[in-house]
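Below is one structure, written out as structure tokens; comments come after it.
Readers should treat all values here as calculations from the given coordinates under stated rules, not as data from a laboratory. Note that the structure is a prediction, hence the values are computed from the model and not measured. Cβ sites come from the backbone with ideal geometry, for glycine too, and all protein chains shown count toward neighbours.
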Amino acid sequence: MPSHVITLANGITMPTLGQGTWFMGESSSSRKDEIAALQKGIDLGMTLIDTAEMYASGGAEKVTGEAIAGRRDKVFLVSKVLPGNASRKGTIAAFERSLKRLGTDYIDLYLLHWRGGYPLDETFDAMERLLDAGKIRAYGVSNFDLDDMQEASQYDRGHICVNQVLYNLASRGIEWDLLGWLRKRNVAVMAYSPLYQTRLLKSPGLKRMAEELSITPAQLALAWLLHQGTIPIPKSSSVKRVEENRKAWDIVLEPEILGKLDGIFPPPDHKMPLDVL
């Protein structure tokens, strides 16, 4: 059975199945459902919540802040700085704005959302300052391919704990070289859009296999990512869907099933550009 926690390179632990918030905070009519879904996930042990200053221009952080009010100590909170804000001073200023929206005084994991124009040493220097001040517990990056990670490793003092990338059954390009490099260096992989924004759920092959196993296509797709040792962060505004997602933790995939999935969604046979959404 997949482990419910992973130990990061700096020794802190985080859940292996979380909740995403991309597209949350965009409509006041959805706010109540979004908060209820996040809270249900926390109750079920999916205490990792991933958000970013970019999502709904801070709106998702505000929704997250409401959802975790009174239960902050139970939550592993992840947010991200936009590349346009990722200068030495800009990173810290953006972080403080995120704290205010989230209604907390620290963030467990802070990520650079993707590469931008500011030198990485500036961004990581700011991250180190936040780390030294106890305002973050760990930091990392997002949407970094192998060459980006190799460059980043020259400036991060060995402190990058996570790379969050697009990874799912239909998008397996990182398996060619990036995934192995990250595993070798104990950099955890967070998988955003683990259902490819629901596109995966329309796959006839995935539907058929899920039916044979008496589970949902989403549960099968999430269980596969957990089997890969990665951390999927599905987003849902439905309590029922969150309850279904949680059950992915309890699914064990036998080699025969994994082989069939490889047949439907073949692993890469050459280097591919990093897939992004």
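On full extension of the chain, what length is gained from Lys32 through Val276, given 0.36 nm per residue of separation minus the C-alpha to C-alpha distance?
That works out to 84.9 nm of additional length.
Name the long-range amide H neighbours of Tyr139: under 5 Å, sequence gap of 5 or more, or other chain; modelled H, no Pro or chain starts.
Correct list: Tyr110, Cys161.
Rank these for me by crowding, Leu225, Leu131, going from fewest to most other beta carbons within 10 Å.
Final ranking by Cβ density, sparse to dense: Leu131, Leu225.
Starting from segment 208-277, pick out the trypsin sites (Lys or Arg not before Pro) whose DSSP state is loop and whose Cβ has at most 13 other Cβ atoms within 10 Å.
Lys271
Distance check, please: which entries in Lys40/Lys202; Lys240/Lys260; Lys40/Lys271; Lys62/Lys89 exceed 31 angstrom between their Cα atoms?
Pairs exceeding the cut-off: Lys40/Lys271.
Taking θ = phi - 60°, what integer Hz values does the Karplus form 6.51 cos²θ - 1.76 cosθ + 1.60 yield along segment 169-181, in sequence order, with x for Gly and Pro?
Once rounded to whole Hz, the list reads 4, 8, 9, 10, x, 5, 5, 5, 8, 5, 4, x, 4.
Sorting check: for 105-111, 144-150, which peptide has the highest mean count of neighbouring beta carbons within 10 Å, and how do the rest follow?
105-111, 144-150
Taking only DSSP H segments of four or more residues, each worth -39500 (n - 2.57), what value at 222 nm results for the chain once the sum is divided by all its residues, to the nearest 500 deg cm²/dmol?
-11000 deg cm²/dmol
Considering only DSSP beta bridges where both residues belong to segment 109-222, give the percentage that are antiparallel (nearest 5).
If I count the DSSP bridges inside segment 109-222, around 10 percent turn out antiparallel.
Using θ = phi - 60° and the Karplus curve 6.51 cos²θ - 1.76 cosθ + 1.60, what whole-Hz ³J(HN,Hα) does each residue of segment 14-27 get, with Gly and Pro shown as x?
Per residue, the Karplus-derived 3J(HN,Hα) values read 9, x, 8, 9, x, 10, x, 10, 4, 6, 7, x, 8, 9 Hz.
For the chain, what proportion of DSSP beta bridges, expressed in % and rounded to the nearest 5, is antiparallel?
15
Could you list Lys40, Lys74 in order of exposure, starting from the residue whose Cβ has the fewest other Cβ atoms within 10 Å?
So the ranking, lowest neighbour count to highest, is Lys74, Lys40.
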